[in-house]
Each structure stands twice: as structure tokens, then as C-alpha cells.
1. Applying the selection to region 128-137, what residues are open to solvent by less than 50 Å² (accessible area, probe 1.4 Å) and outside any loop (DSSP other than H, G, I, E, B)?
2. Of all strands (runs of 3 or more DSSP E) completely enclosed by region 1-73, which ones contain at least 3 residues that are open to solvent by less than 40 Å² (accessible area, probe 1.4 Å) and either more than 30 Å from D90 (Cα to Cα) or modelled with pLDDT of 95 or more (or both)?
3. List the pairs whose first member sits in region 52-63 and is more than 17 Å from E74 (Cα to Cα), whose second member is among the β-branched types (V, I, T), and whose Cβ atoms are under 6 Å apart, counting only residues at least 6 apart or on separate chains?
4. Report every pair of residues separated by at least 6 positions or lying on different chains whose Cβ atoms are under 8 Å apart, first residue within region 146-160 and farther than 17 Å from A135 by Cβ and open to solvent by less than 40 Å² (accessible area, probe 1.4 Å), second part of a strand (DSSP E or B) and modelled with pLDDT of 95 or more.
5. Tally time: how many residues in region 101-127 are at pLDDT 95 or above, touching a Gly at 6+ places or on another chain (Cβ under 9 Å) and either open to solvent by 60 Å² or more (accessible area, probe 1.4 Å) or not small (G, A, S) (or both)?
6. Looking at the structure I just gave you, is A47 among the aliphatic types (A, V, I, L, M), in contact (Cβ under 8 Å) with a residue 40 or more places away in the chain and at negative phi?
Amino acid sequence: MLRAYRVAAGVALGAAALLSLPSSALADPGVPRTWSAWQSDGTAWLAVTADAAPPDGSVIGWRFSVAPDGARGESPGGDLPSFQAVCGRDAAGSGHKRVVVAVDFGDGEADAYPGERAPGQIAPKCVTGAENATAAQLLASTAKVRVDAQGAVVAVADYPSREKGGTELTDAAAAATSAAPSGSGLPITLVAAGAGVLALLAGGAVAATRRRSRTHA
């Protein structure tokens, strides 16, 4: 009887110790994790792709989480950001848009790879970009972003640190600059041509003045 009691007590203590371990320690390190993109409809997060181009006034969220069996992963946690509260005082110029971007590095125990620590959370940010800026480019305006050959985000602010691949993505501000028209200025070829015409006219005027001077002399 005493032996049975000791066995039961040992099992209970073992179970308690197991439950006290971080979730990441219980999870298989080989289980895929992923960065996924989401867009708020005002009441909930809806899944979108990294190459989606959200319109002006959108609220975009990114979340790093466990994604077993090819699942999409979890949506960002916490309250849905308010576009008016974050972007209400910022104005977007012609051909540009304002989008709120929220970044969630995931649960430090359930989503992080064993041995890794997620960066501190980034407050939702108002980002201005070209009208065709993608969700991934808008994310790159808040932190360093690397994408794989298919355009999927593999790391944000170098997290997870074990992900060394991918190429750095151009942010929405740079995309807006490259997409913006050159203003009211004329193309350089027309400017050069116009300068050449003016030079010829000036030369002709000087020659005509000299001929008149010789005639009167």
C-alpha cells in the first residue's frame, strides 16, 4: 500500500514538473513556424497574402507562430488597432496611402523556437507608401524584413535568429519614392534639347548684330 502511494506521488510530481516546463520546450523544434499576414475588417483579423496591396485606411497585422502541417498560423494577439487612433493625424500625399501596421512576435513560450527569445513588441505604426505597396513592403517600413524567393517573409528584425536566408525587402517609403513621378520637371533629354536650341538662337543673334554693325560701318 505504501509502495503504491509512493508510485502515485512520483507520477504526480513528474506530471507537475512536465506541466511547469515552457511550451516551447515541449514542442518539437522541427515543427514549422511562420510569419503570416492579416488584415482587420474592424471586428476580426482576416488572412491575406504578403503580396496583397491593402488600400488606404487599412489595418495590417503580422504574427510569428507555430504552423504545423502547413497551417497558416495564429492571427495577431491583443486588441485590434484603430486606424483613426494611429493614423488619424497623418496625411498621405497624392498617389500614396496610409496603413496601420501591427507586428506580433508571438508567444515567447508557445511560438518561439527552443532557446530563442522574441524581440520586444512593436507598437502599431502608421506607414505611408505608394498605392501599390504590398503588405510585406509596409511591414518593411517598421523593421528589417527578409523574404525568400517566393516573396514569403522569413524574418522580421532578424527574428527568428536561426533563419539566415532570404533577401532584405525594400520598404514602402522607398517604394513610394521610386514609384512617385519626377514632379513638374521635364525629362532630361528635353531639357538638354531646349538648352541646345537656346544656344543656337543666342549665337544667331550675336552674328546678326555683328552683320548690322559692319553694314552701318
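1. First pass over region 128-137, keeping only residues open to solvent by less than 50 Å² (accessible area, probe 1.4 Å): 129-130, 133-137.
Of everything in region 128-137, those that are open to solvent by less than 50 Å² (accessible area, probe 1.4 Å) and outside any loop (DSSP other than H, G, I, E, B) turn out to be G129, A130, A135, A136, Q137.
2. 33-40, 58-66
3. Close Cβ pairs (under 6 Å, with a partner that is among the β-branched types (V, I, T)) amount to A53/T134; P54/I60; P54/V99; S58/V99.
4. Y159/F64; P160/F64
5. Number of matching residues: 6.
6. Here the answer is no, as A47 does not meet what is asked.
The values are calculated or read from the model by the stated rules, or taken from the named source; none is laboratory data. No experiment lies behind these values; they were computed from the predicted model shown. Every residue, glycine among them, receives a Cβ derived from its backbone with ideal geometry; neighbour counts consider all protein chains shown. Only protein heavy atoms, including side chains, enter the accessible area calculation; ligands, DNA and RNA are left aside. Shrake-Rupley method; radii C 1.70, N 1.55, O 1.52, S 1.80 Å.
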